[in-house]
1. According to the Cα gyration tensor, what semi-axes, each the square root of 5 times an eigenvalue, does the equivalent ellipsoid of the chain have, listed from largest to smallest in whole Å?
2. Using a 1.4 angstrom probe on heavy atoms only, work out the carbon and sulfur share of the accessible area of the chain in %.
3. Between helix 2-45 and the chain, what is the angle of the helix's C-alpha long axis to the longest principal axis, kept within 0 to 90° and rounded to the nearest 10?
Amino acid sequence: MEDFSDLINSRLKALEGRQEAQQRYGTLLAVMRQQVDSYRMGRTRK
């Protein structure tokens, strides 16, 4: 039983780490998307 709870705890920690990475990556992607959009808008204005 103790091994099972250890397994669950390690899985939860791995998931937390992955979620944190997704949030960081998501904000990075959002910033990149904004830059690409503003770049495209700047090119179409000319």
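The values are calculated or read from the model by the stated rules, or taken from the named source; none is laboratory data. Everything quoted here is computed from the prediction, not taken from an experiment. All accessible areas refer to the heavy atoms of the entire protein, side chains included, with ligands and DNA or RNA removed. Shrake-Rupley method; radii C 1.70, N 1.55, O 1.52, S 1.80 Å.
1. Working: eigenvalues 390, 5, 3 Å².
For the chain, the ellipsoid semi-axes come out as 44, 5, 4 Å.
2. On the way: 2700 of 4840 Å².
Carbon and sulfur atoms account for 56 percent of the accessible area of the chain.
3. Around 0 degrees separate the two axes.
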